[in-house]
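**Q** This is the structure, below, for whatever I ask next.
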Amino acid sequence: MVDPRISIIDERMRGVSRIIAVSSGKGGVGKSLLASTLSLILASKGYRVGLFDLDFTSPSTHIILGLEETCPVEDKGIIPPLVHGLRYMSIIYYSSGRATPLRGTDFSNAFIELLSVTNWGSLDFLVLDMPPGIGDATLDVIRLMKRPRFLLVTTPSPLAFETVRKLVCMLKELSVPIVGVVENMKTGSSNIQQECRKLNVSFLGGIVYDPMVEETLGKVDSLLETAFAKETAKLLEYLVKTV
Ligand SMILES: Nc1ncnc2c1ncn2[C@@H]1O[C@H](COP(=O)(O)OP(=O)(O)OP(=O)(O)O)[C@@H](O)[C@H]1O
Ligand SMILES: [Mg+2]
């Protein structure tokens, strides 16, 4: 039987112009920090931005944003609260701080439920903070959301890039647009840039390892002053022009 909730998703997302899925096959490469910082910078430039934390088992954007007592409001669906200028949605509103281990179909169910009830309104960008890996979330974003574009994150490590290479190949096979690859915690080597060229995928640039970043988690004004945020802002100029 067709899930009736799926038919309403497009209607709910009608006002969303661009979906950017910040993704990597590898964990711990900086997806959540980048997705949050990117969203905050876009909002500070006057764009209407949503941030959707799709890491249901280990969400972290609420910590990066220093989320205070906000709650989605119900009004013919659910309206995500404004958090530092972002329309924000995360499983944490429903998990009360408990772990939410979800098997494949349970993940899809929770995702479909959130997509079918959330009224994002008009957004220039909806940024998705993806969980690590190439699994349920990746496949469901491609299956259920209209024309998502993937922004891929790697570190200089060949171990991280190998997972990104696999992701690039899969996305290309499925004709899913790739914005490009960001090299986080760059070291100065040009390996990743060369690998991107070989794969025929855009290299968007690198971001330094910034030892100050951890102290700014939860304090967005300080986060936006870091070298991490400044370098993210540079990548963003390209992103805004091309997507
Ligand atoms: N450029 C950087 N400089 C310093 N610290 C960084 C940088 N990028 C990320 N970090 C830190 O590295 C850790 C991992 O980052 P983050 O949680 O964003 O990665 P992730 O890819 O989302 O991880 P997961 O796959 O578990 O969701 C965090 O503590 C974050 O603050
Ligand atoms: Mg994360």
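**Q** Taking the stretch 64-85 only, how many residues are within 14 Å of ligand 1 (Cβ to nearest atom) and over 15 Å from the mean Cα position of the chain (by Cα)?
**A** Adding up the residues that qualify gives 1.
**Q** Which of the numbered conditions does residue 2 fail, given that it passes all the others? Conditions: (1) in contact with a helix residue (DSSP H, G or I) (Cβ under 8 Å, 6 or more places away or on another chain); (2) more than 16 Å from ligand 2 (Cβ to nearest atom); (3) hydrophobic (A, V, I, L, M, F, W, C).
**A** The single condition residue 2 does not satisfy is (1).
**Q** For the stretch 1-97, please list each of the helices (runs of 4 or more DSSP H) lying entirely inside it that holds at least 2 residues being surrounded by 21 or more Cβ atoms within 10 Å (Cβ to Cβ). Steps first, answer last, please.
**A** Numbers: elements: 6-12, 31-44, 61-65, 92-95.
So the answer is 31-44, 61-65.
**Q** Residue pairs, Cβ under 6 Å, 6 or more apart or interchain, first in the stretch 16-37 and within 11 Å of residue 148 (Cα to Cα) and among the small types (Gly, Ala, Ser), second more than 10 Å from ligand 2 (Cβ to nearest atom) and part of a loop (DSSP other than H, G, I, E, B). List them.
**A** Within 6 Å, no pair qualifies.
**Q** Has the stretch 223-240 got at least one residue that is hydroxyl-bearing (Ser, Thr, Tyr), more than 20 Å from residue 33 (Cβ to Cβ) and away from ligand 1 (no atom under 16 Å from the Cβ)?
**A** At the first step, the residues of the stretch 223-240 found to be hydroxyl-bearing (Ser, Thr, Tyr) are 226, 232, 238.
Then drop every residue that is not more than 20 Å from residue 33 (Cβ to Cβ), which leaves none.
Looking through the stretch 223-240, none of the residues is hydroxyl-bearing (Ser, Thr, Tyr), more than 20 Å from residue 33 (Cβ to Cβ) and away from ligand 1 (no atom under 16 Å from the Cβ).
**Q** Condition first: surrounded by 14 or more Cβ atoms within 10 Å (Cβ to Cβ), over 16 Å from residue 31 (Cα atoms) and out of contact with any helix residue (DSSP H, G or I) (no Cβ under 7 Å at 6 or more places or on another chain). Now tell me which residues in the stretch 144-161 satisfy that.
**A** 145, the sole residue that qualifies.
**Q** Oh, and also: Would you mind listing the helices (runs of 4 or more DSSP H) fully within the stretch 124-241 where at least 3 residues are within 16 Å of ligand 2 (Cβ to nearest atom)?
**A** Ranges flagged: 136-144, 158-173.
**Q** Out of the stretch 2-52, which residues are away from ligand 1 (no atom under 16 Å from the Cβ) and among the charged types (D, E, K, R)? Give the derivation first.
**A** Within the stretch 2-52, the first condition is being away from ligand 1 (no atom under 16 Å from the Cβ), and the residues that meet it are 2-19, 42-50.
Of everything in the stretch 2-52, those that are away from ligand 1 (no atom under 16 Å from the Cβ) and among the charged types (D, E, K, R) turn out to be 3, 5, 10, 11, 12, 14, 18, 45, 48.
**Q** Continuing with this model, one more query. Of all residues in the stretch 192-221, count the ones that are among the polar types (S, T, N, Q), within 21 Å of the chain's Cα centre (by Cα) and over 18 Å from residue 31 (Cβ atoms). Even if it seems obvious, please write down each step before you answer.
**A** In the first step, residues of the stretch 192-221 are kept if they are among the polar types (S, T, N, Q); the result is 193-194, 200, 202, 216.
Imposing the further condition that a residue be within 21 Å of the chain's Cα centre (by Cα) reduces the set to 202, 216.
Pick out the ones that are also over 18 Å from residue 31 (Cβ atoms) and you get none.
Number of matching residues: 0.
**Q** Would you confirm whether any residue within the stretch 36-45 is over 19 Å from residue 237 (Cα atoms) and of a type in the set (D, E, K, R)?
**A** Our first condition is that a residue be over 19 Å from residue 237 (Cα atoms); within the stretch 36-45, this holds for none.
For the stretch 36-45, residues over 19 Å from residue 237 (Cα atoms) and of a type in the set (D, E, K, R): absent.
**Q** Report yes if residue 111 is part of a strand (DSSP E or B), crowded, with 19+ Cβ neighbours inside 10 Å, among the aromatic types (Phe, Trp, Tyr) and away from ligand 1 (no atom under 12 Å from the Cβ), otherwise no. Quick ask: steps written out before the conclusion?
**A** On the way: part of a strand (DSSP E or B): no; crowded, with 19+ Cβ neighbours inside 10 Å: yes; among the aromatic types (Phe, Trp, Tyr): yes; away from ligand 1 (no atom under 12 Å from the Cβ): yes.
No; evaluated as a whole, the condition is false for this residue.
**Q** Here's a follow-up. For residue 76, indicate whether it is among the basic types (Lys, Arg) and within 15 Å of ligand 2 (Cβ to nearest atom).
**A** On the way: among the basic types (Lys, Arg): yes; within 15 Å of ligand 2 (Cβ to nearest atom): no.
The answer is no for residue 76.
**Q** Any residue in the stretch 98-116 that's aromatic (Phe, Trp, Tyr) and at pLDDT 95 or above: show its pairings with residues that are surrounded by 14 or more Cβ atoms within 10 Å (Cβ to Cβ) and not in a helix (DSSP H, G or I) at Cβ separation under 6 Å, as long as the two are six or more apart or on different chains.
**A** Sorted first by the residue in the stretch 98-116, then by its partner, the list stays empty.
**Q** Could you grab me the full set of residues in the stretch 44-65 that are more than 16 Å from ligand 2 (Cβ to nearest atom) and over 25 Å from residue 9 (Cβ atoms)?
**A** First pass over the stretch 44-65, keeping only residues more than 16 Å from ligand 2 (Cβ to nearest atom): 44-50.
Matches in the stretch 44-65: 44, 45, 46.
The values are calculated or read from the model by the stated rules, or taken from the named source; none is laboratory data. Keep in mind that this is a model prediction, so the values were computed, not measured. Note that we place each Cβ from the backbone using ideal geometry, even for glycine, and neighbour counts take in every protein chain shown.
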